[in-house]
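Please read the structure below before turning to the comments.
The values are calculated or read from the model by the stated rules, or taken from the named source; none is laboratory data. Small disclaimer: the values here were computed from a predicted structure and weren't measured. Cβ placement follows ideal geometry from the backbone for every residue including glycine, while neighbour counts extend to all protein chains displayed.
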Amino acid sequence: MKIDVAKIKQDFPCLQNSELTYLDSASTTQRPLQVVERIKRFYCEQNANVHRAIYDLGAEATVAYEGVRKKVKEFINAPTVLNSERMPKNIIFTSGTTAAINLVAQCWGGSQLKPDDEIILTIMEHHSNIVPWQLIAAKTGAKLKFVTVDSNGALDLDHYRSLLSDKTKLVSCTHVSNVLGTVNPIKEIVQEAKAVGAITLVDGAQSVPHMPVNVTDLGCDFYAFSSHKLGGPTGVGVLYANPDIMQELPPYMGGGDMIEFVTTEGASWAELPSKFEAGTPNIAGVVGLGEAIDYLTSIGMENIHNYEQKLTEYTLEKLQEIPSIKIYGNAEKRAGVISFALEEVHAHDIAHFLSQKSVCTRAGHHCAQPLMNHFGVDSTTRISFYIYNDTSDIDRFIEALNEVRLFFT
Amino acid sequence: MDEFKELYQEIIMDNNKYPKNFREIEECSCKVHGKNPMCGDNFTIYVKLEDEKIVDCSFQGAGCAISKASASMMTEFLQGKTIKEAEEVFDLFTGMIRGEIDATDHFDELGKLVAFSGLSQFPVRVKCATLAWNALHEAVTTGQEVVTTE
């Protein structure tokens, strides 16, 4: 199927300003009107708290909220494991990828890690998949190991294998690098981790929005992603979690909804997934996420992936024509995230100049300082795409980038 | 775009390309790191004091054109100034780029530094221009050694 980008662009109110070239979707995407309208409809017509409400409005809110849990389960092809209320036990709503990873680090890491246990991360992780592990390592005495990358920005799998041992308790790795665009061989990484008895977490913040993801096929224990990077609202994320592991863990936060019985002496926990969803959740946000998933599904994840691959190829070809450009990340399998530097022009000066031409890019370390250190740079400029970008966006960006060179050199 | 060009005027571009006092002072009175973690700007400011007077000031490090030019022009400006004078200019300079004071009212005190007045139009770049100044301010007031602007 051919994607009709002109038609898709019409769905995004923020992109109706024809001057704007939005190339920062790895940071956050724009939202289609359908999502905004769905959230409005929830607040205007269905608003009530979820679970336990006896009246119709509350029941309707609960159906809307829980319906998205099933939708998410299908979207990432999670296995069907239902609780007594027929809710998927393995889909936990959080406030985002960061919260999802912190949940695992605190609950699993906090209860299971012992001194000298090892956690394997990669040098290309976002800070949100490094710092939670540093915090829990400091508490438990566990040690962190980092898999390095080659000069193209692909993971060094030989190095990974050399780090694996019976001390390895967890391997946590991003599916797609938010700096290099590298797509990591998750299935292989998971298999090798399993062979030494380690559990696995995948940061899917940059993958789920852009490609079909099948967590059953990948075989990981945890998979985390955010709503706001796939056209949904901010403040919502998903943790897909192996229920056999989660069942045994202590809760993350205490409060309403996560309990079974409470007495003055103590409490017992609700069944999964409620055990890990204390307090009133971001109901409208979750409903909006459901609408965003419907929107993407109507286009087709495979179509989105193929389209972005072509746009990435087009962009890389154009970028390579620019003298003195250095592109960080040339892995064989890559996504629509491109980081680059121009000789003698600082990333911030580039991004600021581009912003004057209404081209939105991002400059800095992209929350991946260890990776920047690895490549010996302080900052890069990054562009990233989504389904609403087309070659005219790229052409405008390239034209502006050529002006940057003229201006600064 | 005009405001952008005004910001990146020749004096700033020159100081970025050919920074003044871009060197270490081995026998300095204070040496402070100024960092901008979000951008990766990272400078070391060296100050040599004699009787409350800045007899030499220099810097080293890397950052965007605005931060580097600002550090360069600061070190040039402060040569021979007293700490009190430096602090007064620090207040004026930071006030100017935050748009809190009108640079034209303080042309005599600010001199070449008015080149940065255009920054008040670009709030996201304020931290670039203040990095070196904040580091210096912390150095002479608290003796703290690492200054972060975020």
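Restricting to the range A:191-213, and then to whatever is farther than 30 Å from residue A:383 by Cβ and aliphatic (A, V, I, L, M), can you tell me which residue is surrounded by the fewest Cβ atoms within 10 Å (Cβ to Cβ)?
Initial filter on the range A:191-213 (farther than 30 Å from residue A:383 by Cβ): A:191-200.
With the extra rule that they be aliphatic (A, V, I, L, M), the set shrinks to A:193, A:195-196, A:198-199.
Numbers: A:193: 25, A:195: 11, A:196: 16, A:198: 23, A:199: 20.
Per the criteria, the residue is A:195.
From B:48, B:35, grab the single residue that is within 14 Å of chain A (Cβ to nearest Cβ) and more than 12 Å from residue B:59 (Cβ to Cβ). Don't jump to the end; show me each part of the working.
Numbers: B:48 fails: within 14 Å of chain A (Cβ to nearest Cβ).
Among B:48, B:35, only B:35 is within 14 Å of chain A (Cβ to nearest Cβ) and more than 12 Å from residue B:59 (Cβ to Cβ).
Would you please name the residue that is farthest from the other protein chains (Cβ to nearest Cβ), looking only at residues in the range B:56-104 that are touching a strand residue (DSSP E or B) at 6+ places or on another chain (Cβ under 9 Å) and among the charged types (D, E, K, R)?
B:85
Could you check the range A:330-340 and list, in sequence order, the residues that are surrounded by 18 or more Cβ atoms within 10 Å (Cβ to Cβ) and out of contact with any Phe, Trp or Tyr (no Cβ under 7 Å at 6 or more places or on another chain)?
Keep residues of the range A:330-340 that are surrounded by 18 or more Cβ atoms within 10 Å (Cβ to Cβ), which gives A:331, A:334-340.
Listed by number, the residues that qualify are A:331, A:334, A:335, A:337, A:338.
Considering every residue within the range B:28-37, establish whether at least one is outside any strand (DSSP E or B), surrounded by 17 or more Cβ atoms within 10 Å (Cβ to Cβ) and touching a residue at least 12 places away in the same chain (Cβ under 8 Å).
Taking every residue of the range B:28-37 in turn, at least one turns out to be outside any strand (DSSP E or B), surrounded by 17 or more Cβ atoms within 10 Å (Cβ to Cβ) and touching a residue at least 12 places away in the same chain (Cβ under 8 Å).
Quick one: in the range A:335-352, of everything that is at the interface with chain B (Cβ under 8 Å from one of its Cβ atoms) and within 30 Å of residue A:304 (Cα to Cα), which residue is nearest to the chain's Cα centre (by Cα)?
A:347
Looking at this structure, is residue A:209 in contact with a Lys or Arg (Cβ under 7 Å, 6 or more places away or on another chain), in contact (Cβ under 8 Å) with a residue 40 or more places away in the chain, outside any helix (DSSP H, G or I) and over 30 Å from residue A:154 (Cα atoms)?
Details: in contact with a Lys or Arg (Cβ under 7 Å, 6 or more places away or on another chain): yes; in contact (Cβ under 8 Å) with a residue 40 or more places away in the chain: yes; outside any helix (DSSP H, G or I): yes; over 30 Å from residue A:154 (Cα atoms): no.
So residue A:209 fails the test.
Collect the residues in the range A:161-206 that are in a helix (DSSP H, G or I) and not polar (S, T, N, Q), keeping them in residue-number order.
Scanning the range A:161-206 gives A:161, A:163, A:186, A:187, A:188, A:189, A:190, A:192, A:193, A:194, A:195.
What pairs come up if the first residue lies in the range A:27-38 and is touching a residue at least 60 places away in the same chain (Cβ under 8 Å), the second is polar (S, T, N, Q), and their beta carbons are under 9 Å apart, counting only those six or more places apart or on different chains?
A:27/A:178; A:27/A:384; A:28/A:226; A:28/A:234
Residues that are over 17 Å from residue A:324 (Cα atoms), hydroxyl-bearing (Ser, Thr, Tyr), part of a helix (DSSP H, G or I) and within 14 Å of chain B (Cβ to nearest Cβ): does the range A:355-366 have at least one?
Yes, the range A:355-366 has at least one match.
Quick check on this structure: which one of B:26, B:6 is modelled with pLDDT under 90 and either more than 14 Å from chain A (Cβ to nearest Cβ) or closer than 26 Å to residue A:342 by Cβ (or both)?
Testing whether each residue is modelled with pLDDT under 90 and either more than 14 Å from chain A (Cβ to nearest Cβ) or closer than 26 Å to residue A:342 by Cβ (or both) leaves just B:6.
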